[in-house]
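Heads up, the thing below is written out as structure tokens.
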Amino acid sequence: MKIIEINEKCQSCKGTGLYHGLGESDGSAVVCHTCGGTGCHKFRHEYEDFTERVADFSTRRVYEVNPGIGIGKGTLDGKRLRLEDLGGMPFEEWAKGKPFPKRSEMRAYTCPAWWYQCADYDKKPKWRECHENLGVSFSQCKHFGNKAKCWERWDKENRKEGKS
């Protein structure tokens, strides 16, 4: 185990030892919680040198991101789910460094805008319909029930650029 220790100017109070937040006005301040009023933040980090990625034999499937959906086996609408039903790729393939295959997104449960907001913002569609119909969440979009059509469109538009 190696340790790095440095004394740095406290970023929270900019070295003053006093914090001016939303609740402090008219010349008032509170003692900075980060540095305890010293103006100095004592940074300590313990670490081990990296030599190689550690094998994780408990993982069977890997997903590019989690857009906020419970990932695992279970039952949905009376149907038994498998890990494959949520997209992703086998751990062995990921461990070999292979890229995620085409259509490995959680297509049955997300739309392209939802998925790529998390996975790769540059690939997120900028379709007018998405902005016009989005409610509080992606699943409230009036097109969400027919998200397969959105995925078809996304595939068509991104195939020519080699993105999918």
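The values are calculated or read from the model by the stated rules, or taken from the named source; none is laboratory data. This is a predicted model, so every value here is computed, not measured. Neighbour counts are summed over all protein chains in view; Cβ atoms, including those assigned to glycine, are modelled from backbone coordinates with ideal geometry.
When the residues of the stretch 75-96 are filtered to those that are under 20 Å from the mean Cα position of the chain (by Cα) and part of a loop (DSSP other than H, G, I, E, B), the one that is farthest from R60 (Cα to Cα) is G87.
Number of residues in the stretch 125-138 that are part of a helix (DSSP H, G or I) and modelled with pLDDT of 85 or more: the value is 2. Restricting the stretch 13-24 to residues that are in a loop (DSSP other than H, G, I, E, B) and either among the hydrophobic types (A, V, I, L, M, F, W, C) or at pLDDT 95 or above (or both), which is surrounded by the fewest Cβ atoms within 10 Å (Cβ to Cβ)? It comes out as L22.
Just wondering, is there one or more residues in the stretch 75-83 that are in contact with a strand residue (DSSP E or B) (Cβ under 8 Å, 6 or more places away or on another chain), farther than 26 Å from E157 by Cβ and surrounded by 11 or more Cβ atoms within 10 Å (Cβ to Cβ)? Yes, the stretch 75-83 contains at least one residue that is in contact with a strand residue (DSSP E or B) (Cβ under 8 Å, 6 or more places away or on another chain), farther than 26 Å from E157 by Cβ and surrounded by 11 or more Cβ atoms within 10 Å (Cβ to Cβ).
Residues in the stretch 30-57 that are among the small types (G, A, S) and either within 30 Å of Y121 (Cα to Cα) or assigned by TED's automatic domain parsing to the domain that holds K102 (or both): A55 only.
Going by the conditions given, is G27 loosely packed, with under 10 Cβ neighbours inside 10 Å, part of a loop (DSSP other than H, G, I, E, B), among the small types (G, A, S) and more than 30 Å from the chain's Cα centre (by Cα)? Yes, satisfied. When residues in the stretch 51-90 are screened for being modelled with pLDDT of 95 or more and among the aromatic types (F, W, Y), 1 of them pass.
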